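The values are calculated or read from the model by the stated rules, or taken from the named source; none is laboratory data. Keep in mind that this is a model prediction, so the values were computed, not measured. Here the Cβ positions follow ideal geometry from the backbone for every residue, glycine too, while neighbour counts run over all protein chains shown. To get the accessible areas, we keep the full protein, side chains included, count just its heavy atoms, and leave off ligands, DNA and RNA. Shrake-Rupley method; radii C 1.70, N 1.55, O 1.52, S 1.80 Å.
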Amino acid sequence: KVSLTQPVLVAIQSSGDNIDLESLIEKEVTDYGLRDGLEESSPAKAPEMEKTFIPSIKIELDGAMIEDVDFPGKSLFDTSSILVFDNLLDETLRKRLLNVVKGYPENFEIDKWNDSEYGPDPSRWTRGGLVDVIDEGSEMNAPSCWGLSDEAINDICFGPHPAILEFESKLTKLFHEFIISRLPEAVLGACVSPLTANAPTHGDSFHYHIDADPLQVPASPWSDIFGVYPNRSRGKPRFVSCLIYLNDEWDGEKWGAPTEFLDPPTGVTYRVLPRPGRCVIMDQDVSHTVVAPNDKAGLRPRYSLVWKLILHPRGVGQDMTDIACGRGDVWPESVFIGSANDKCL
């Protein structure tokens, strides 16, 4: 009996073809867009720009022993990460991204719809419209949640939006040691878009979920090439999500609507409050939930824009647990939540 820990790619070709395995794999990667990188910029050098790449908070949770893909049968201790940035984008870019989500021109100054009084604009948003995880039982598919219409999702994913491209360029500077791609359709199918937005309002109901996990992806061209493996495995693509809170004004202490993260082994939770322009980057296998605004928020929605991303290694055997990209000495110390504290032992 032979145990296979790596994917096996089977292809049929004529005897006259002279294609080696590496070329065949790269063809599959290209044909299915598995590593279509975001438009890259050269790494930032200006000190004032580098300061924006320092997170306010660095959180680790969900500690567990996992199999070491390099040494089958051996295990290592792993934690998931959450990074909170408060200076990654300026006020102008935040406003432009909010306009993109609302369907306005990027430099639009006056809202066409009073969402503070009436809730999300029904010409752009629909109840039950947010589908960004494959599990139909998750709260992100709950009929009570406001999501963008199919037309609006297509617009933010594929429309000509300089603000989205500008922010993606910032991400390539932040994570310059990796090739960053949007989540390819070949991973989870067309039902999960690489960009989405949400607009929770008071009274909405949510539950914990994960965005994705490379250990649980279905059979697909992605798993044919990369296999199934624990997230953050050495030399393997790392699944992360990026969320930006977009409201012009949001008083998290008064109106609530934090993103709540769960440490499943202990049941301990950690909440990140929304702030205009605050950015949260998290591993996709982190259990989390939206918390609906409280009654003091009235009908005003708490807007956010979400990217599903994959960090691809640039080198064979690259350490995928280190995403500071040479900035570790200026990043804050990790806050360990629940089971992650075992890392300190």
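Structure data summary
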quantity	calculated
Nearest-ten-degree value, helix 91-102 long axis tilted from longest Cα axis of the chain	90 degrees
Modelled FRET efficiency - R0 35 Å, VAL228 with GLU249, Cβ distances, 0.05 increments	0.20
Estimated inter-spin distance, ASP342 and ARG314, nm [label 7 Å along Cα→Cβ]	3.4 nm
Value at 222 nm in deg cm²/dmol, rounded to 500, when DSSP H runs of n ≥ 4 in the chain each add -39,500 (n - 2.57)	-5000 deg cm²/dmol
SER123 paired with THR266, simple spin-label distance in nm, labels 7 Å along Cα-to-beta-carbon	5.0 nm
Region 206-333, relative contact order in percent, only Cα pairs under 8 angstrom and at least six apart counted	35 percent
Label point distance in nm, GLU91-ASN107, each placed 7 Å from Cα along Cα→Cβ	1.8 nm
Fraction of antiparallel bridges per DSSP, the chain only, in percent to nearest 5	95 percent
Efficiency of FRET between VAL335 and ASP20 - r from beta-carbon atoms, R0 45 angstrom, step 0.05	0.45
Within the accessible area of the chain (1.4 Å probe), percent carbon and sulfur	52 percent
Contact order normalised by residue count of the chain, Cα under 8 Å, 6+ apart, percent	25 percent
Distribution of pairwise C-alpha distances over the chain, 20 Å bins, in %	29, 58, 12, 0
Listed peptides 257-263, 106-112, 88-94 by packing density, highest first (mean Cβ within 10 Å)	257-263, 88-94, 106-112
Cα-based equivalent ellipsoid of region 220-332: semi-axis lengths in Å, sorted from largest, via gyration tensor	32, 16, 14
Spin-label proximity, CYS157 to region 300-321 - amide N less than 14 Å from point 7 Å beyond Cα toward beta carbon	306-309
